[in-house]
């Protein structure tokens, strides 16, 4: 007899994102390139490409969540658990589990553990200048800036804004992450 497996809603969303990315062929999304920004080196970059690099779940139970993904699911982690954040490479999409206090400190807001999930969406760019330019456009769009772009304690440069429903987006430059020829994030 087969038993049903009940998964938390946020895990179901992650699985759906991974399946969508692996089943659909590249280029099946919208062809509109969206607004472009020009950097100081005259490189055109698109503001908010239709792409997510990292999905992060904030949790007050970091060790338990890390153990679940690492030990129960057998996913390989690319981070030191002592840092309070663990990254998992999901073939082009990076999934992260983050201690709620560490995430709150990074956002500069107190997060509590009573909300069903604490998820941030992140897009990594290639430089601090690109992050600054993206935030200039984002601010003009009327989005609520939660944390203006600034040097981050983890060594990069990032800021957060909220979409109309309050979902948090991080736009970041991480000097430790790089991109492949298809603009996919590569973990160190």
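The values are calculated or read from the model by the stated rules, or taken from the named source; none is laboratory data. Note that the structure is predicted; figures quoted are calculated from it, not measured. Using ideal geometry, Cβ is built from the backbone for each residue, glycine included, and neighbour counts are taken over all protein chains shown.
Here are a few things to note about the model shown:
A quick yes/no check of all residues on (1) under 26 Å from residue 182 (Cβ atoms); (2) modelled with pLDDT under 85; (3) over 17 Å from the mean Cα position of the chain (by Cα):
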{"residue": "45", "(1), (2), (3)": "yes, yes, yes"}
{"residue": "75", "(1), (2), (3)": "yes, no, yes"}
{"residue": "94", "(1), (2), (3)": "yes, no, no"}
{"residue": "104", "(1), (2), (3)": "no, no, no"}
{"residue": "112", "(1), (2), (3)": "no, yes, yes"}
{"residue": "127", "(1), (2), (3)": "yes, no, no"}
{"residue": "142", "(1), (2), (3)": "no, yes, yes"}
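- Of all residues in segment 171-182 being over 13 Å from the mean Cα position of the chain (by Cα) and touching a residue at least 12 places away in the same chain (Cβ under 8 Å), the one that is surrounded by the fewest Cβ atoms within 10 Å (Cβ to Cβ): 182
- Residues of segment 137-163 satisfying the condition of being free of Cβ contacts under 8 Å to residues at least 24 places away in the same chain and over 21 Å from residue 103 (Cβ atoms): 139, 140, 141, 142
- Search result, residues across segment 144-170 that are at pLDDT 90 or above and surrounded by fewer than 11 Cβ atoms within 10 Å (Cβ to Cβ): 151, 153, 155
- Meets criteria (in contact with a helix residue (DSSP H, G or I) (Cβ under 7 Å, 6 or more places away or on another chain), farther than 15 Å from residue 56 by Cα and without any contact (Cβ under 8 Å) to a residue 24 or more places away in the chain) for residue 110: yes
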